[in-house]
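Since the structure comes first, as C-alpha cells, the remarks are kept for the end.
The values are calculated or read from the model by the stated rules, or taken from the named source; none is laboratory data. As the structure is a prediction and not an experimental result, all values here were calculated from the model. Glycine gets a Cβ as well: all are built from the backbone with ideal geometry, and neighbour counts include every protein chain shown.
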Amino acid sequence: MNSIHPIGVFDSGVGGLSVLRDIRKELPNEDLLYVADSNHAPYGDKEAEYIATRSVAICQFLVGQPVKSIVVACNTATGAAVAKLRARFKVPIVAMEPAVKPAVENTKSGVVGVLATRRTVSSENFLNLLARFGSNAEIIVQACPGLAEQVEAGDLRGEKTRSLLQEFVCPLLEKGADTIVLGCTHYPFLAPLIRMMVGNEVAIIDPGEAVARELRRRLQGIGQLSSRDRLGTEQFWTSGPTASAATLISQLWGVEVEVKRLP
C-alpha cells in the first residue's frame, strides 16, 4: 500500500456514484477507481451469500490494481459481506450503513422513516442499528422494491419512478415522519424528486458525506492521504455492457466517461 495508490469504490450498480461524488469533494487530490457490478444488479433482492461472493470477487480485482483503501458504497453489500471482506483483505475498508443515528438525533416529531432495499432492512447490521437507536424514536422502515432499478435504468423523473416514490414515501409522511433516511446509495439521485414530494420541512439524510469524512480520517490516521499537488482522476469498470454503462455513468457523473469491462 502506498499513498499514491488510488481508492477503490464499488456498488451493485451505479448507485455508489453518489458516494463517489462525496469522496471526490472531500478528497480532490485522490485517484478513484469505481466498479459497478451492473451485470449482477440489483443486490437488494439477492441472497446474502451471493452478494458476499460478488463483493469478494470485486475486492480481489481492486486489491490487484492495487488500491490503498476500499469503500463498500452499498448498504446491501455492507450488511451481507463487510465482515468477510475485513477478515480477508488487509487494506482499510470503509462501509455504508443507513444513517439511523443522526436521523434519530435530528427528528423533532420523534418519527423517522427509512427507505432501503429488502436485503438491507433484513440484515443483521440494520437490525442492530434499530436495536441501538430505536428506543429514542419511532423508526418506520420502508423496503423499496424496484426503486434502485429505476436509477439503473436512468429514469430519475419518469412516471413509474414518481409512482414508486409516492407508494413508499407517502405512508412515512402520514405517520408523522419529519426525517427520511436514504438507506440505499441509489436513492440520493432521486433526492430532488423526494424533496418535491415531502416539502422543505422534512429532513432528507444521505450518509455519503459522512462516509467520505470517515475515509479521510482513516487514511490520514495511517499516513496514506495523497501528497500529490494535482486533481485526482477517476476510472470506471462494469461487469455489464460497457456502452450502456458509459451512457448511464456519464449521465449521473455529469461528464462523459470511458467505462472498461470488469475482467
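Tabulated data for the structure shown
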read-out	value
Single unsatisfied condition, residue 256 versus (1) of a type in the set (D, E, K, R); (2) within 25 Å of residue 3 (Cα to Cα); (3) at pLDDT 95 or above	(2)
Residue selected from segment 1-19 under the condition among the polar types (S, T, N, Q) and assigned to a loop (DSSP other than H, G, I, E, B), by the criterion surrounded by the most Cβ atoms within 10 Å (Cβ to Cβ)	12
Some residue of segment 163-180 being under 27 Å from residue 245 (Cα atoms), of a type in the set (Gly, Ala, Ser), at pLDDT 95 or above and in a helix (DSSP H, G or I)	yes
Matching residues in segment 197-214 - criterion: being in contact with a helix residue (DSSP H, G or I) (Cβ under 7 Å, 6 or more places away or on another chain), touching a residue at least 40 places away in the same chain (Cβ under 8 Å) and surrounded by fewer than 18 Cβ atoms within 10 Å (Cβ to Cβ)	203, 209, 213
Residue satisfying condition, being in the same structural domain as residue 152 (by TED's automatic domain parsing), under 18 Å from residue 41 (Cβ atoms) and of a type in the set (Gly, Ala, Ser), within set 183, 240, 199	183
The listed residue being modelled with pLDDT under 95 and over 18 Å from residue 242 (Cβ atoms), out of 45, 31, 22	45
Among the candidates 135, 123, residue that is surrounded by 15 or more Cβ atoms within 10 Å (Cβ to Cβ), among the polar types (S, T, N, Q) and modelled with pLDDT under 95	123
Those residues of segment 174-196 which are of a type outside the set (Gly, Ala, Ser), in contact with a helix residue (DSSP H, G or I) (Cβ under 9 Å, 6 or more places away or on another chain) and in contact (Cβ under 8 Å) with a residue 40 or more places away in the chain, in sequence order	178, 179, 180, 181, 182, 184, 185, 186, 187, 188, 189, 190
Residue check, residue 128 out of contact with any helix residue (DSSP H, G or I) (no Cβ under 6 Å at 6 or more places or on another chain), modelled with pLDDT under 95 and surrounded by fewer than 21 Cβ atoms within 10 Å (Cβ to Cβ)	yes
Checklist (1) over 18 Å from the mean Cα position of the chain (by Cα); (2) modelled with pLDDT of 95 or more; (3) on the phi < 0 side of the Ramachandran plot applied to residue 209, failing item	(1)
Residue satisfying all of: in segment 234-260; part of a helix (DSSP H, G or I) and within 17 Å of the chain's Cα centre (by Cα); surrounded by the fewest Cβ atoms within 10 Å (Cβ to Cβ) among these	253
Residue ranges of helices (runs of 4 or more DSSP H) in segment 20-113 with at least 1 members outside the structural domain of residue 212 (by TED's automatic domain parsing) and either surrounded by fewer than 20 Cβ atoms within 10 Å (Cβ to Cβ) or in contact (Cβ under 8 Å) with a residue 60 or more places away in the chain (or both)	100-106
